[in-house]
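What follows is a single structure, written as structure tokens, with notes after it.
The values are calculated or read from the model by the stated rules, or taken from the named source; none is laboratory data. All of these numbers come straight from a predicted model, not from anything done at the bench. With ideal geometry, Cβ positions are generated from the backbone for all residues, glycine too; neighbour counts draw on all protein chains shown.
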Amino acid sequence: MPKLNRIVVLILVLTLLAACGQEPEPEPTPIPPPPEPIVEMPTQNPAELCAQQTFISGDPGFPIVFCDNFEDPAMVMMPIGGDENKWGEITLDTYNGKYTARVEVKRDNVLTLSVPNVDVRDFAFQVEGRLASHSGHPYHSWGLFFKMDMEEGSYYYFMVDNNQYYYFQLIRGDRQTNLITGRYTEDLNPLDEGNTITVIGQGDTYSFYINDEYQEEFSDNRLVTGGVGIYSEMREGTILDWEFDNIVVSTP
């Protein structure tokens, strides 16, 4: 029996030595978790964002079809650039979140800046405007035109001036009809402090607001549809720097 014990011991020793000589099995490499899926957040159209942030005086609840707050120069929809002719020189641009118009006037004339691709019947139209600087003739004015037919040269316009008066006029070719003539209002700020003008058109009746304050309404059925935009009467020898913001149009 002693001999058998030695053999068992020898086998045990050899087994331990063999185990010690083996390389340890490598630990399994952990499998990384799958990457988190990239969820693209929907980007909001600047016009939609502008519309959400805009309050229209006397809002009739029409859907907004045009809105520009000029916060993103790459998304500006109003005309940009310059032009010069016998009437004057104009430069249209954006600066610091504003739509700017610099005009050097050679002869008495009017400035019209059309909102692109908008034709209205019933509508709400609102613009903020400020005369940033001026020189030359002391009289200044600006406002909104609407239902313009370029071929016929016909349109309405509602305008305010630096004497705190507002006007409503009809233009048909070379003929001008005074619908509201020189109505004084204390709701109008000096033009260099800025004002918000709003026109609501429903059927043949037009309601006018200045700085969110209702002024009056007027009915006239001679023009039915047409374009909208910014309007200003300018005097010879004047240099004007206009700033406009939050141009918004809504229609049914």
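Looking at the structure I just gave you, is residue 157 closer than 30 Å to residue 205 by Cβ and either aliphatic (A, V, I, L, M) or within 23 Å of the chain's Cα centre (by Cα) (or both)? Walk me through it before giving the result.
On the way: closer than 30 Å to residue 205 by Cβ: yes; either aliphatic (A, V, I, L, M) or within 23 Å of the chain's Cα centre (by Cα) (or both): yes.
Yes.
Of all the residues in segment 178-198, those that are within 9 Å of residue 211 (Cβ to Cβ) and among the acidic types (Asp, Glu) number 1.
Filtered by the rule that a residue be among the charged types (D, E, K, R) and within 19 Å of residue 199 (Cα to Cα), segment 61-120 gives 68, 119.
If you scan segment 113-135, which residues turn out to be β-branched (Val, Ile, Thr) and either under 14 Å from residue 191 (Cα atoms) or assigned to a loop (DSSP other than H, G, I, E, B) (or both)?
First, the residues of segment 113-135 that are β-branched (Val, Ile, Thr): 115, 118, 120, 127.
Selection gives 115, 118, 127.
Of all the residues in segment 120-145, those that are under 19 Å from the mean Cα position of the chain (by Cα) and loosely packed, with under 15 Cβ neighbours inside 10 Å number 0.
Tell me, which residue of segment 179-214 that is polar (S, T, N, Q) and closer than 21 Å to residue 121 by Cα is surrounded by the most Cβ atoms within 10 Å (Cβ to Cβ)? Per the criteria, the residue is 198. Count of segment 96-112 residues, restricted to those that are over 15 Å from the mean Cα position of the chain (by Cα) and either surrounded by 15 or more Cβ atoms within 10 Å (Cβ to Cβ) or in a strand (DSSP E or B) (or both), is 10.
Considering only residues in segment 141-177 that are assigned to a strand (DSSP E or B) and small (Gly, Ala, Ser), the one that is nearest to residue 212 (Cα to Cα) turns out to be 143.
Number of residues in segment 230-252 that are assigned to a strand (DSSP E or B) and at negative phi equals 16.
Looking only at residues in segment 65-95 that are in contact with a Leu (Cβ under 9 Å, 6 or more places away or on another chain) and in a strand (DSSP E or B), the one that is nearest to residue 247 (Cα to Cα) is 67.
Apart from one condition, residue 153 fits all of (1) more than 21 Å from residue 198 (Cα to Cα); (2) in contact (Cβ under 8 Å) with a residue 24 or more places away in the chain; (3) out of contact with any His (no Cβ under 8 Å at 6 or more places or on another chain); (4) not basic (Lys, Arg); the exception is (2). Would you check if there is a residue in segment 151-171 being exposed (fewer than 15 other Cβ atoms within 10 Å of the Cβ), at pLDDT 95 or above and among the charged types (D, E, K, R)? Within segment 151-171 (the criterion being exposed (fewer than 15 other Cβ atoms within 10 Å of the Cβ), at pLDDT 95 or above and among the charged types (D, E, K, R)), the answer is no, since none of the residues qualifies.
The rows are residues; the columns are (1) within 17 Å of residue 229 (Cα to Cα); (2) hydroxyl-bearing (Ser, Thr, Tyr); (3) at pLDDT below 95.
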residue	(1), (2), (3)
79	yes, no, yes
83	no, no, yes
97	no, no, yes
113	yes, no, no
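Out of 54, 43, 29, one residue alone is over 14 Å from the mean Cα position of the chain (by Cα), under 30 Å from residue 124 (Cα atoms), at pLDDT below 90 and part of a loop (DSSP other than H, G, I, E, B). It is 43.
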